[in-house]
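Visitor: Have a look at this one before I ask anything.
What follows is calculated from the coordinates using simple rules that are stated; it is not laboratory data. Bear in mind that the values here come from a model prediction, so they are computed numbers and not experimental data. Ideal geometry is used to build each Cβ from the backbone, glycine not excepted, and the neighbour counts take in all protein chains shown.
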Amino acid sequence: MPTFPETTKGLVRRWNRRARLYDRLTAPMERMLGLVRGRAWVFERVAKGRVLEVGAGTGKNLPYYPERAFVVASDLSPGMLARAVEKARDRSRAVRFVVTDAEDLAFRDGAFDTVLATCVFCTVPDPVRGLREARRVLKDGGEVILLEHMRPQGFLGRLFDLLDPMASRLMGPHINRRTLDNIRRAGLVVVEERTVFSDWIKVIVAR
Ligand SMILES: C[S@@+](CC[C@H](N)C(=O)[O-])C[C@H]1O[C@@H](n2cnc3c(N)ncnc32)[C@H](O)[C@@H]1O
């Protein structure tokens, strides 16, 4: 059971509705905000082994996976994941697709060498619980790798706090998540942080 069941139900509906247009609507941001570079950085760390992607969405990361990885792409929204399945058909390598909530991952403890997520923990209703789940399904010595936007420091952070209730109602994702704190609260240790766009978008590696 999710921490906030009604919010989670609403998110499934919202992301299912958005699935068809998601790639087109987000294309301008990919370059403007450096997300393309951020995705490439995430995959510098993923060479092989069992990889779980949480919130894989429409499969934007599929082209980046190395040949030697066994990939499980998961998402809460069947509509988003259906787009990823279509994309994977054009590629030779096998990917397993699983509809599951980040807050309650349908995998056994220690099942993966790497758990990764890109632009997901801004949306998961209980991000600390989701990050704890990422830690649970990670093998000893494995890594959680995230590309996330988060609350910036200073004036901009205070502005984002002010705008967040409206922004999240309109768009879904929260713009003021304290993701580094959330990672630590989930019991993970940050081992690397790379700035993608100001202090607002980062690639974070945690163990
Ligand atoms: C902004 S999109 C990012 C999609 C993809 N990772 C990317 O980089 O384009 C957020 C994704 O997170 C998924 N999501 C939101 N809440 C989730 C949850 N609780 N568990 C799993 N996936 C979730 C949404 O369905 C959506 O596909």
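Visitor: How big is D, in µm² s⁻¹, for the stretch 1-60 by Stokes-Einstein at 25 °C and 0.890 mPa s if Rh is the Kirkwood radius over C-alpha pairs?
Guide: 175
Visitor: In nm, give the distance between the simple-model label positions of residue 162 and residue 70, each being 7 Å from the Cα along the Cα-to-Cβ direction.
Guide: Label at residue 162, label at residue 70, 5.2 nm between them.
Visitor: Now, a different point. Take the stretch 17-92, drop everything but the C-alpha atoms, weight them equally and run the Debye formula without solvent; then report log10 I(q)/I(0) at 0.22, 0.25, 0.28 Å⁻¹ to two decimals.
Guide: Calculated log10 I(q)/I(0) at the listed q: -1.13, -1.32, -1.40.
Visitor: Leaving out same-chain residues fewer than 8 places away, which lysines sit with a Cα under 28 Å from that of residue 48?
Guide: 60, 87, 139, 202
Visitor: Next up: Semi-axes of the equivalent ellipsoid of the chain: what are they in whole Å, largest first, if each equals the square root of 5 times a C-alpha gyration tensor eigenvalue?
Guide: 23, 20, 18
Visitor: Follow-up question, since we're still on this one. Below 8 Å between Cα atoms, with a sequence gap of 6+, how large is the relative contact order for the chain in percent?
Guide: 19
Visitor: Picking from 3, 51, 32, whose Cα lies most toward the positive end of the charge dipole for the chain (charges on Cβ: Lys, Arg +1; Asp, Glu -1)?
Guide: 32
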